[in-house]
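Structure first, then comments.
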Amino acid sequence: MIPFQEKSIVIRNDRLTEDVRRLTVQAPGIAGHARPGQFVMVRVSSALDPLLRRPFSVHQISGAGQLQILFKIVGRGTEIMAGLQPDQRLDIVGPLGRGFQYENKKKAVLIGGGMGIAPLFFLAKSMMQAIEPPEVMALLGARTKAELLPLANDMETMGISVRCSTDDGTMGHHGLVLDLVRELDPGEERNCFVCGPHPMMKAVSQFCLAMVWQCEVSLETMMACGLAACLGCAVPRADGNGYVHACKEGPVFEASEVSWE
């Protein structure tokens, strides 16, 4: 699929917490062709600082041609994005990469940590809109209740069973999202879809593989171009035969394809 480059129009920029924002833009070409798990590359300014585009997973889309991006303010680029106002324009390229292979699943577990929860919304909505929707459960983890609560509430409005964990114990289980995964019935067949920090994905993936559960992961890696030209997002293969590029062959992979060392 050839990606679109759109001068999207900012619709709104919602503040979920002190440093988490949900940006909604009008980008009909991208929104009309995106699949759950794909991403976009955003040019946050017309100036040379920052020079490179920033990658963001597709958080949600609507039939009205709107695209949402969920992000945390962590540097110069996201600081600029946090200040965007309605009717401003944003240069976006997408959809890019390989998404989740979620069709025809009977039981799905969406496992997200921190901002890794972002692409699971698009996935969840697509699953629930299927002619025969699967049984979907979401296991979500974050540092605090403030960061997790609005995302968990939105997921529950889709009719999805949600369990939460927080690092500080302010919401749900006091501990890791992996603890919630370990509480699942090992005798049931599962299809797991995971996104979050690398240590979390490594631990969850290894557990799922040990349970012989199908597991797909959406890798969060640094990307300079998003088109496999810069080779900056190379990920070692589990079989030791070279590398795959997260922006082209991914960002979604079977957990067994990736070397977690």
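Values quoted throughout were computed directly from the atomic coordinates according to the rules given, and no laboratory measurement underlies them. Predicted, not measured: the structure shown is a model, and the values here were computed from it. We place every Cβ from the backbone using ideal geometry, glycine too, and count neighbours over all the protein chains shown.
Please work out the Cα center distance from region 1-69 to region 102-140, rounded to the nearest Å. Cα centroid of region 1-69 versus Cα centroid of region 102-140: 20 Å apart. Within the chain, DSSP assigns beta bridges of which about 60% are antiparallel (rounded to the nearest 5).
Near residue 258, the amide H atoms lying under 5 Å from its own belong to 238; only residues 5 or more places off or on other chains count, and H is placed 1.01 Å from N.
Full extension of the chain between residue 158 and residue 260 yields a length gain of 33.5 nm, computed as 0.36 nm times the residue separation minus the alpha carbon distance. Straightening the chain between residue 79 and residue 248 buys 58.1 nm, computed as 0.36 nm per residue apart minus the Cα-Cα spacing.
DSSP bridge analysis restricted to region 1-113 gives an antiparallel fraction near 100%, rounded to the nearest 5. Straight Cα distances below 25 angstrom link residue 105 to the lysines 125, 202, 248, with same-chain residues fewer than 8 positions distant left out.
Can you give the percent of C-alpha pairs in region 174-249 whose distance is more than 18 Å? Percentage above 18 Å: 49.
Between residue 170 and residue 52, residue separation times 0.36 nm minus the direct Cα-Cα distance comes to 38.8 nm. In this structure, residue 88 and residue 5 have a Cβ-Cβ separation that, at R0 = 22 Å, corresponds to a calculated FRET efficiency of about 0.80.
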